[in-house]
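Structure first, commentary second.
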Amino acid sequence: MIERVRGFRDSYPEDMLPRQKMFDVMRETARKFYFSQIEIPSLEYLDLYRVKSGEELLTQTFSFTDKGGRELTMIPEATPSVVRMLTSRKDLKKPVKWFCLPKLWRYEEPQSGRSREHTQFNADIFGDGSVYADAEIIGLACSTLDKLGLSGKYKVRINDRMLMEKLLRDIGISDISRGYSLIDHYRKLSAEEFKSLLLELCEDREKADFLLQLLGKEIKLDQLGSKFPEKFKKENGEIISRLLNTGKLVTTITDAELVYDASVVRGLGYYTGIVFEGFDTAGEFRSIFGGGRYNNLGQLIAGTQVEAVGFGMGDAVLELLLKKNNLWVLTEKESSFGVCTVGDEAILTAYELATKIRRLGYAVNVDTSQASLSNQLKKAASNSLTHTIIIGPKELRDNVLTIRDMNSGKQFTGKMEDLDNLIKSMAS
RNA sequence: GCCGGGUUGGGGUAGGGGUUAUCCUUGGGGACUGUGGAUCCCCGGACCCGGGUUCAAUUCCCGGACCCGGCCCCA
């Protein structure tokens with residue numbers, strides 16, 4: 001017996017049904033925001049990720065050298081591929097609104113909400129540097145969760161990289177990326193540890209107190225202005241008011257709670273403006289989605305400057321959250337037909353009937369087992385078919401068919417010619 | 001890569017250095033070859049892998065694989 005590869009999942013029908021439903025909601029919602037779907041390759045040159053990441057990342061990918069000596073990697077994230085696709089087409093009318101649902105791979109130890117293969121809902125707006133694009137991206141992420149039934153079960157924390165950079169410089173931190181890295185660990189370190197690490201890094205210890213007070217607090221956006229010292233506020237009024245505007249715009253799209261949180265900086269990425277993360281309200285899981293503005297990744301990858309904002313939403317955490325809220329069993333009852341046959345002669349007619357009903361848009365299963373009718377009905381019931389059709393010598397003789405509603409047990413016999421009407425009235 | 005806890009039929013479990021490895025469920029069949037998911041009966045199906053200790057290992061020891069969770073990292 002050969003086992004499944006570590007960290008990978010098998011998905012059986014009972015999981016696929018709700019999973020596909022979830023992806024359907026993502027696709028539908030994206031289209032309602034007038035995003036177009038694209039598909040990205042599953043393999044890219046490793047160099048695509050070298051551009052913006054250190055060697056650290058390379059140890060966390062499924063990478064290999066192909067027969068021609070090329071260093072390839074199974075994509076660990078969507079954004080570089082999407083940017084590559086965008087920048088290699090010069091004829092696209094901006095803004096470009098794209099989404100995709102790629103599988104992604106990471107070579108890491110599997111743990112809760114994270115396996116080595118997962119699917120991510122990824123959406124981006126290119127060529128629009130405005131606050132409207134920021135808001136629309138957050139709005140799309142939230143609308144998707146709302147549509148899945150998660151309204152009120154999650155919230156969004158936002159921050160702005162430029163604001164944080166100013167804040168860090170203001171307290172005398174010159175190594176900004178180290179500053180981000182430390183802030184990113186805020187929730188993992190104890191208050192004392194964090195404080196001493198921060199003080200190591202910064203020069204102005206008095207002002208550092210201010211940052212410490214700001215961190216880890218969820219601040220309602222309309223109170224954001226009052227949290228900053230007057231001088232700082234004046235110098236960075238534009239960034240602050242942009243954040244406020246984003247929040248205001250997002251409320252026209254979703255009721256989701258949106259708060260400012262200085263500890264959200266999104267790792268060591270390529271973000272240049274707003275950054276955001278969606279969390280379950282109970283704080284039980286990893287982030288549901290995350291994203292932000294990244295206006296210089298185009299420059300890094302293709303030498304073309306392009307304004308960009310986007311998010312990624314993994315299926316793993318979302319699945320945990322949906323399951324916790326009993327939203328994972330999304331077995332929608334569409335009408336489905338099982339054709340039971342009695343006698344060999346009935347099978348040909350059964351196939352003809354099945355084809356006709358399929359053309360009407362329903363799923364049909366033909367039972368050719370020639371088991372006893374009672375067993376066929378039993379099987380149909382346990383396969384959750386909503387209706388059965390019985391075809392046997394009697395029906396063939398009289399040119400009729402018998403349709404049975406498996407929920408109510410009601411049964412009708414009608415002429416073969418009236419099939420369409422019979423089906424329609426039964427399925428309704 | 002590191003740390004902790006696990007692993008007995010498809011799923012959930014009981015047990016245990018030696019005999020036919022327990023029970024529930026799922027699956028297959030029958031009672032019932034033209035009318036249902038009930039009931040009863042029958043059948044199939046497991047000790048993760050390798051090494052060690054031992055007369056004997058599924059059981060004890062060591063290693064590995066995989067699973068769950070955590071760290072690192074977070075795209």
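Under 8 Å by Cβ, and 6 or more places apart or on different chains, what pairs join a residue from region A:236-257 that is over 26 Å from A:Asp170 (Cβ atoms) with one that is open to solvent by 60 Å² or more (accessible area, probe 1.4 Å) and part of a helix (DSSP H, G or I)?
Close Cβ pairs (under 8 Å, with a partner that is open to solvent by 60 Å² or more (accessible area, probe 1.4 Å) and part of a helix (DSSP H, G or I)) amount to A:Leu249/A:Tyr132.
So, A:Ile347, is that one surrounded by 13 or more Cβ atoms within 10 Å (Cβ to Cβ) and either touching a Ser or Thr at 6+ places or on another chain (Cβ under 6 Å) or at pLDDT below 90 (or both) or not?
On the way: surrounded by 13 or more Cβ atoms within 10 Å (Cβ to Cβ): yes; either touching a Ser or Thr at 6+ places or on another chain (Cβ under 6 Å) or at pLDDT below 90 (or both): yes.
Yes; evaluated as a whole, the condition is true for this residue.
Looking only at region A:194-218, which residues are under 37 Å from the mean Cα position of the chain (by Cα) and assigned to a loop (DSSP other than H, G, I, E, B)?
Scanning region A:194-218 gives A:Leu215, A:Gly216, A:Lys217, A:Glu218.
Cβ-Cβ below 6 Å, separation at least six or inter-chain, first residue in region A:1-26 and more than 19 Å from A:Phe62 (Cβ to Cβ), second more than 16 Å from RNA strand B (Cβ to nearest atom) and charged (D, E, K, R): which pairs?
That search, which allows pairs on different chains as well, returns A:Val25/A:Lys147.
Would you please name the residue that is farthest from RNA strand B (Cβ to nearest atom), looking only at residues in region A:108-135 that are open to solvent by 70 Å² or more (accessible area, probe 1.4 Å) and more than 16 Å from A:Val317 (Cβ to Cβ)?
A:Tyr132
From the list A:Ile173, A:Ile183, pick out the single residue that is crowded, with 17+ Cβ neighbours inside 10 Å and part of a helix (DSSP H, G or I). Reasoning before the result, please.
Numbers: A:Ile173 fails: part of a helix (DSSP H, G or I).
Exactly one residue qualifies, and that residue is A:Ile183.
Within region A:31-38, is there a residue that is in contact (Cβ under 8 Å) with a residue 60 or more places away in the chain and near RNA strand B (Cβ under 9 Å from one of its atoms)?
no
Please go through region A:376-398 and give me each residue that is out of contact with any Phe, Trp or Tyr (no Cβ under 9 Å at 6 or more places or on another chain), more than 6 Å from RNA strand B (Cβ to nearest atom) and of a type in the set (S, T, N, Q), ordered by number.
Scanning region A:376-398 gives A:Gln376, A:Asn383.
Mind listing just one residue for me: the one in region A:67-78 that is away from RNA strand B (no atom under 11 Å from the Cβ) and in a strand (DSSP E or B) and, of those, nearest to A:Phe289 (Cα to Cα)?
Pass one, region A:67-78, residues away from RNA strand B (no atom under 11 Å from the Cβ): A:67-72.
With the extra rule that they be in a strand (DSSP E or B), the set shrinks to A:71-72.
Working: A:Glu71: 30, A:Leu72: 27 Å.
Ranking the candidates gives A:Leu72 first.
For region A:9-44, name all the residues that are over 18 Å from the mean Cα position of the chain (by Cα) and surrounded by 13 or more Cβ atoms within 10 Å (Cβ to Cβ).
A:Leu43, A:Glu44
Look through A:Phe64, A:Phe99 and report the one residue that is surrounded by fewer than 16 Cβ atoms within 10 Å (Cβ to Cβ) and part of a strand (DSSP E or B). Can you show your working first?
Working: A:Phe99 fails: surrounded by fewer than 16 Cβ atoms within 10 Å (Cβ to Cβ).
Just a single option satisfies the conditions, and that option is A:Phe64.
Suppose the filter is within 22 Å of A:Arg4 (Cα to Cα) and surrounded by 20 or more Cβ atoms within 10 Å (Cβ to Cβ); does A:Trp105 pass it?
Values: within 22 Å of A:Arg4 (Cα to Cα): yes; surrounded by 20 or more Cβ atoms within 10 Å (Cβ to Cβ): yes.
When the stated conditions are applied, A:Trp105 passes them.
In region A:258-281, which residue that is within 12 Å of RNA strand B (Cβ to nearest atom) and open to solvent by 10 Å² or more (accessible area, probe 1.4 Å) is modelled with the lowest pLDDT?
Among them, the one singled out is A:Leu268.
Just checking, does region A:336-352 include any residue being away from RNA strand B (no atom under 14 Å from the Cβ) and among the small types (Gly, Ala, Ser)? Walk me through how you get there before you give the answer.
Taking region A:336-352 first, the residues away from RNA strand B (no atom under 14 Å from the Cβ) are A:348, A:351-352.
Subsequent filtering for residues that are among the small types (Gly, Ala, Ser) retains none.
The answer is no, given that none of the residues of region A:336-352 is away from RNA strand B (no atom under 14 Å from the Cβ) and among the small types (Gly, Ala, Ser).
When region A:403-428 is examined, which residues are found to be farther than 15 Å from A:Leu353 by Cβ, within 16 Å of RNA strand B (Cβ to nearest atom), under 41 Å from the mean Cα position of the chain (by Cα) and open to solvent by 50 Å² or more (accessible area, probe 1.4 Å)?
Scanning region A:403-428 gives A:Asn407, A:Ser408.
The values are calculated or read from the model by the stated rules, or taken from the named source; none is laboratory data. Owing to the predicted nature of the structure, the values given are computational and were not obtained by experimental measurement. Please note: Cβ atoms are built from the backbone with ideal geometry, for glycine as well, and neighbour counts cover all protein chains shown. Ligands, DNA and RNA are excluded from the accessible area calculation, which covers all protein heavy atoms including side chains. Shrake-Rupley method; radii C 1.70, N 1.55, O 1.52, S 1.80 Å.
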